[in-house]
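See structure below.
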């Protein structure tokens, strides 16, 4: 009995999680006139893609989607490379002032984006970079969080491995690429998941720095769509649906890994 | 963690080559550090310093800055807008945190036992976590639409007249809280589930032998052993709670009538609506100080209630 009750609760909860997505899909194919019908129409007559057509007329939505995708991939790759290299230096290359420098890295981790938004905007304006791809990408070229996470991972790699490679005459670059990186692959993957999710969802910074539709990312494009079509929820939901689909496909394949990464972050 | 080991490259032989060797080593260190140090300096450290500097000035982003000393800070501390922005942020946290924690804990406990389709359920609950905030805010704004919205229709079926949700000053914050808890439920669940699964089975077995059942076992065994995960969730949620912005900006822009004007929304408005960059910078540092203080207090308090196995 208790088992069935448990199952019922979990199932009901899952429906609550899925329903908003399903309703967004239904709304997106509902014609204008039927939007506010009561009772809500789950199988609207004359269902069609007119909202999607209007969405694509209002905004270069494919380009916006592509922007989010390549900015997400680029910032993730950049952060992986820059963070892993710094992490290697902090874990394996002693130099005077290393502890202090690492403390500076950690300190930047605690400063929230909100503090940096205004001066970053002014900095970009000074260099005439407002409304450019570079400006969107700039704050996520390096990641102190990544340095911290990967340093922990590299510190756990037994030193015998690099010492053996050193004896073979390998330099630090070789050791980094051929010995250390392959051994910390799980940590790299975890960090990649976080990096991509952060970039894909980022809203405040693009909102501040981007004006033209052709440089927008998805969150910004959707928000501006909402500004244009305040009451035409079918167009807004069409944009939401299109923007969820790519990440959903990715999620279906990487689901186990994504969840494991997040679970790990809590266990430390 | 081995911080202080001799550089593997520096055996004391070949003294003649030592300077060149040292130079080369310095070059290697620079090669590894500069790719992150340069962007970190340009896009974090310099803006940090600039933000502190700006916070000591009056500045409308156009005409030259005017020195104001601590004027912005003292003005903010006595300002009604600041007080209500912090108050709204605290109201958000007070609604969001208990909701998301109890919901996440309940789900984690339910899913901690073998169950058909458990992985599928886990994936479904996690779906909103990977969905962008703007999408979630828009979906919920539509669900909570006072006219023709799904939620009010469902309430109507139960004979309840639904409120105006995000159009009503009283119900706007609950709307934001609801959407936020829905989005983050899966995150909290995953963290707590990992914590539950890390509890060694022997503890439960021992508790059963001692005759502890159900609630008692939860109260004296599960919950204390889960406290490190709880601590993590509370710290992260509080930090995120104080910095709440995306969902507010999309759902209400701080309205109606300023009813959901949270601190970061206030920073945004001060800068980009009122052109008061100095005051905005000061407010963002004030927020940072509060977050730092609260986090510090929790780290201090954890000794009393967090048990590390």
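No value in this document is a laboratory result; all are computed from the given coordinates. Everything numeric here is computed off the predicted structure, so don't read it as measured data. As a convention, Cβ positions derive from the backbone with ideal geometry for all residues, glycine included, and neighbour counts pool all protein chains shown.
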For peptides A:207-214, B:75-82, sequence by mean Cβ density within 10 Å, most packed first: A:207-214, B:75-82
Average partner coverage of B:18-28, which counts Cβ from other chains inside 10 Å: 1
Per its Cα gyration tensor (rounded if a/c is under 1.5, else prolate when a/b beats b/c, else oblate), the stretch B:73-305 is best filed as oblate
Per the C-alpha gyration tensor (a ≥ b ≥ c, the square roots of its eigenvalues), the stretch A:1-158 is rounded if a/c is under 1.5, else prolate if a/b beats b/c, else oblate; here it's oblate
Just need the relative contact order of chain A here, percent rounded to a whole number, with Cα pairs under 8 Å and 6+ apart. 33
Taking springs between alpha-carbon atoms closer than 10 angstrom, which of A:74, A:100, A:187 fluctuates most in the Gaussian network model of chain A? A:100
Partner chain Cβ atoms within 10 Å, averaged over the residues of A:209-219 - can you pull that number for me? 1
Estimated [θ] at 222 nm from DSSP helical runs (n ≥ 4, -39500 (n - 2.57)) normalised by residues in the protein assembly as shown, nearest 500: -22500 deg cm²/dmol
Over the alpha carbons of the stretch A:62-267, what is the largest minus smallest coordinate on each principal axis, giving the biggest first in Å? 68, 42, 30
Give the average, rounded to an integer, of partner chain Cβ atoms located within 10 angstrom of each Cβ in A:39-48. 1
Cα gyration tensor shape of the stretch B:31-87, rounded if a/c is under 1.5, else prolate or oblate by comparing a/b with b/c: prolate
With the 8 Å Cα cutoff and a minimum separation of six or more residues, chain B has a relative contact order in percent of 26
Work out how far the C-alpha atoms of the stretch A:1-48 reach from end to end along every principal axis, then list the three figures in whole Å, largest first. 46, 18, 14
Within the set B:104, B:195, B:278, GNM on chain B using Cα springs under 10 Å gives the largest fluctuation to B:195
Cα gyration tensor of the stretch A:156-227 - equivalent ellipsoid semi-axes, whole Å, descending: 44, 12, 7
Taking only Cα atoms of the protein assembly as shown, the Rg to Rh ratio with Kirkwood Rh works out at 0.99
Please rank A:257, B:249, fewest neighbouring Cβ atoms within 10 Å first, as an exposure proxy. A:257, B:249
Order these peptides, B:233-244, B:174-185, by their mean beta-carbon neighbour count within 10 angstrom, highest first. B:174-185, B:233-244
